[in-house]
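Below: the structure, in structure tokens.
The values are calculated or read from the model by the stated rules, or taken from the named source; none is laboratory data. What you are looking at is a predicted structure, and each value in this text was computed from that prediction instead of being measured. Reconstructed Cβ throughout: ideal geometry from the backbone, glycine too, with neighbour counts over all protein chains shown.
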Amino acid sequence: AGLWTYDPGFMATAPVESKITYIDGEKGELLHRGYAIDELASNAEYLEVCYALLYGDLPNAEQKQAFYERVSNHMAVHDQLRKFFEGFRRDAHPMAIMVGVVGALSAFYHNHLDISDPKHRDNTAVDLIAKVPTLAAMSYKYSIGEPFMYPRKDFSYAENFLYMMFATPGEPDYKVDPVLVKAMDKIFTLHADHEQNASTSTVRLAGSTGANPYACIAAGIVALWGPSHGGANEAVLEMLDEIGSVDKVEEFMEKVKRKEVKLMGFGHRVYRNFDPRAKVMKETCDEVLGALGINDPKLELAMKLEQIALNDPYFVERKLYPNVDFYSGIILKAIGIPTSMFTVIFALARTVGWISHWTEMHSEAFKIGRPRQRYTGETHRKFVPLNERK
Ligand code: CMC
């Protein structure tokens, strides 16, 4: 043994110091740069939250304007990048496409990118925040065989994303419903950062080798994709579909308790009392469905699941509560987003968190991330020549 400790799942390991996000799992508290998540989600726009994550404080009016303009100026992607899409089957999962096309940005921004220069790092951060929504919308358009839409300078960030998702070239006056824009913006804010989760740790680890930051973000997208992490929002809707109706909920919960299936959208490594993001998400869900006059039976189903889980000793003992992704799918569905795009939206929103952590790491002295292992294989044995091997 060396100086290290065996810690599967990093249950007790903090490999970094960070000033970006604070979580108190017992109290259900989440602060970005000291600001509470519920206040941010209710009062600030997503790009203001991005600014705070990147630079440490919420912007004043002038800083806000300048930052919004910078993001808006970088939303368009290189024309050659469009050709990358044609390499994918139309039925490819949009997350698979995102892994490829965001990674491909590194091919466009590499030769002249000096990551030791703070200005270059800042341009990269803004560029990624700006371009990921465009690529996300393109991955959807490609899957349905519609032409790509260009971002518009007169639209806000969330508005632009919904416009690029749903408008077609034949609709020059396409208007995005402000209720949907607000809901989308809030969903972005609720997913913006969450300290050293699996995908952010992946970005940090990849970044610790000095690799291209666009490629590091692609690594983050990979880690986010799994159903234990960002893929949970898609898995929740699939689960609700599978359960089908309220009268099947109890039967499903028995299956969960027999550990045949997991209750998706429940549980969190850090939150042990509640996930503060889930609370805001639930309120947003009620607001959006109310404003749109949608009566989605899935909401009733979700609420029944939650109610059983919050009272059943199995879930109470294990401190399992709804997480951020339990209600997000119902809102996204109401907005008109197809299920396969849910995790892409999480990736879009989390890009700022990833790049803020990458930037923070590169702004200070850091070491390459290099965990150790507990070796459980063969001890030293004698080499056997090929003709003597059984
Ligand atoms: N459904 C049923 N049982 C669960 C669940 C669940 N969703 N989550 C944990 N448990 C049980 C688990 O079986 C274990 O029971 P026992 O002590 O009898 O073995 C106990 O609770 C502790 O769970 P764990 O697996 O040790 O917890 P973890 O911290 O390693 O895992 C998690 C955290 C989020 C991966 C897990 O709760 C999970 O898979 N949840 C479902 C997927 C999900 O919603 N993920 C999104 C997380 S929030 C958004 C994000 O960060 O991406």
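Run down VAL270, VAL324 and say which single residue is closer than 23 Å to GLY25 by Cβ and touching a Lys or Arg at 6+ places or on another chain (Cβ under 6 Å).
Details: VAL270 fails: touching a Lys or Arg at 6+ places or on another chain (Cβ under 6 Å).
The unique qualifying residue is VAL324.
Could you look through segment 217-242, keep only residues that are within 16 Å of VAL261 (Cα to Cα) and aliphatic (A, V, I, L, M), and pick out the one that is nearest to the chain's Cα centre (by Cα)?
Filtering first and then ranking leaves ALA232.
Yes or no: segment 31-44 includes at least one residue that is within 16 Å of ASN197 (Cα to Cα) and either touching a helix residue (DSSP H, G or I) at 6+ places or on another chain (Cβ under 8 Å) or surrounded by 14 or more Cβ atoms within 10 Å (Cβ to Cβ) (or both).
If we filter segment 31-44 for residues that are within 16 Å of ASN197 (Cα to Cα), which is where we start, we get 31-32.
Checking the rest, the ones that are also either touching a helix residue (DSSP H, G or I) at 6+ places or on another chain (Cβ under 8 Å) or surrounded by 14 or more Cβ atoms within 10 Å (Cβ to Cβ) (or both) come to 31-32.
The answer is yes; a qualifying residue exists.
Closer than 18 Å to PHE188 by Cβ and among the β-branched types (Val, Ile, Thr) - does that describe any residue in segment 308-325?
There is at least one residue in segment 308-325 that is closer than 18 Å to PHE188 by Cβ and among the β-branched types (Val, Ile, Thr).
Which of the residues belonging to segment 235-258 are touching an Asp or Glu at 6+ places or on another chain (Cβ under 8 Å) and of a type in the set (Asp, Glu)?
none
Inside segment 1-97, counting only helices (runs of 4 or more DSSP H) that do not spill past its ends, which hold 3 or more residues that are modelled with pLDDT of 95 or more, over 23 Å from GLY230 (Cα atoms) and of a type in the set (A, V, I, L, M)?
Details: elements: 37-43, 46-55, 61-73, 79-85.
In segment 1-97, 61-73 are the helices (runs of 4 or more DSSP H) which contain 3 or more residues that are modelled with pLDDT of 95 or more, over 23 Å from GLY230 (Cα atoms) and of a type in the set (A, V, I, L, M).
Return the residue satisfying two criteria in turn: it lies in segment 285-336 and is among the small types (Gly, Ala, Ser) and within 16 Å of the ligand (Cβ to nearest atom), and of such residues it is farthest from PRO178 (Cα to Cα). Lay out the reasoning, then the answer.
Keep residues of segment 285-336 that are among the small types (Gly, Ala, Ser), which gives 290-291, 293, 302, 309, 328-329, 334, 336.
Adding the requirement that they be within 16 Å of the ligand (Cβ to nearest atom) leaves 302, 309, 328-329.
Numbers: ALA302: 26, ALA309: 34, SER328: 18, GLY329: 19 Å.
Ranking the qualifying residues of segment 285-336, first place goes to ALA309.
Could you check segment 269-281 and list, in sequence order, the residues that are closer than 17 Å to THR21 by Cβ and either in contact with a helix residue (DSSP H, G or I) (Cβ under 7 Å, 6 or more places away or on another chain) or buried (at least 24 other Cβ atoms within 10 Å of the Cβ) (or both)?
Hits for segment 269-281 are TYR271, ASP275, PRO276, ARG277, ALA278, VAL280.
Look at segment 251-284 and say how many of its residues are among the acidic types (Asp, Glu) and either in contact (Cβ under 8 Å) with a residue 12 or more places away in the chain or within 8 Å of the ligand (Cβ to nearest atom) (or both). Talk me through it step by step, then tell me what you get.
Step one: filter segment 251-284 for residues among the acidic types (Asp, Glu), giving 251, 254, 260, 275, 283.
Keeping just the survivors that are either in contact (Cβ under 8 Å) with a residue 12 or more places away in the chain or within 8 Å of the ligand (Cβ to nearest atom) (or both) gives 275.
So the answer is 1.
For segment 367-387, give me the residue count where each residue is touching a Pro at 6+ places or on another chain (Cβ under 7 Å) and surrounded by fewer than 10 Cβ atoms within 10 Å (Cβ to Cβ). Don't jump to the end; show me each part of the working.
Here is the first cut: in segment 367-387, the ones touching a Pro at 6+ places or on another chain (Cβ under 7 Å) are 369.
In the following step, the residues that additionally are surrounded by fewer than 10 Cβ atoms within 10 Å (Cβ to Cβ) were identified as none.
Total satisfying the criteria: 0.
If the requirement is being crowded, with 24+ Cβ neighbours inside 10 Å and away from the ligand (no atom under 14 Å from the Cβ), which of these qualifies: ILE187, ILE217? It would help to see each step written out before you state the result.
On the way: ILE187 fails: away from the ligand (no atom under 14 Å from the Cβ).
After applying the criteria, what remains is ILE217.
Could you list, ordered by first residue, the pairs with Cβ atoms under 6 Å in which the first is in segment 344-366 and crowded, with 24+ Cβ neighbours inside 10 Å and the second is assigned to a loop (DSSP other than H, G, I, E, B) and small (Gly, Ala, Ser), at least 6 apart or interchain?
Close Cβ pairs (under 6 Å, with a partner that is assigned to a loop (DSSP other than H, G, I, E, B) and small (Gly, Ala, Ser)) amount to PHE346/GLY230; ALA349/ALA192; VAL352/ALA192; GLY353/ALA192.
In the set SER199, SER143, which member is under 30 Å from GLU29 (Cβ atoms) and not basic (Lys, Arg)? It would help to see each step written out before you state the result.
Working: SER143 fails: under 30 Å from GLU29 (Cβ atoms).
Of the residues listed, the single one that is under 30 Å from GLU29 (Cβ atoms) and not basic (Lys, Arg) is SER199.
PRO172 passes all but one of (1) over 23 Å from PHE85 (Cβ atoms); (2) buried (at least 18 other Cβ atoms within 10 Å of the Cβ); which number fails?
Every listed condition holds for PRO172 apart from (2).
Looking only at segment 159-194, how many residues end up being under 17 Å from ILE129 (Cβ atoms), free of Cβ contacts under 8 Å to residues at least 40 places away in the same chain and of a type in the set (Gly, Ala, Ser)?
0
This table checks each residue for (1) of a type in the set (Ser, Thr, Tyr); (2) on the phi > 0 side of the Ramachandran plot; (3) at pLDDT below 90; (4) in contact with a Ser or Thr (Cβ under 9 Å, 6 or more places away or on another chain).
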residue: ASP275; (1), (2), (3), (4): no, no, no, no
residue: LYS279; (1), (2), (3), (4): no, no, no, no
residue: CYS285; (1), (2), (3), (4): no, no, no, yes
residue: GLY290; (1), (2), (3), (4): no, no, no, no
residue: ASP296; (1), (2), (3), (4): no, no, yes, no
residue: GLU300; (1), (2), (3), (4): no, no, yes, no
residue: GLN307; (1), (2), (3), (4): no, no, no, no
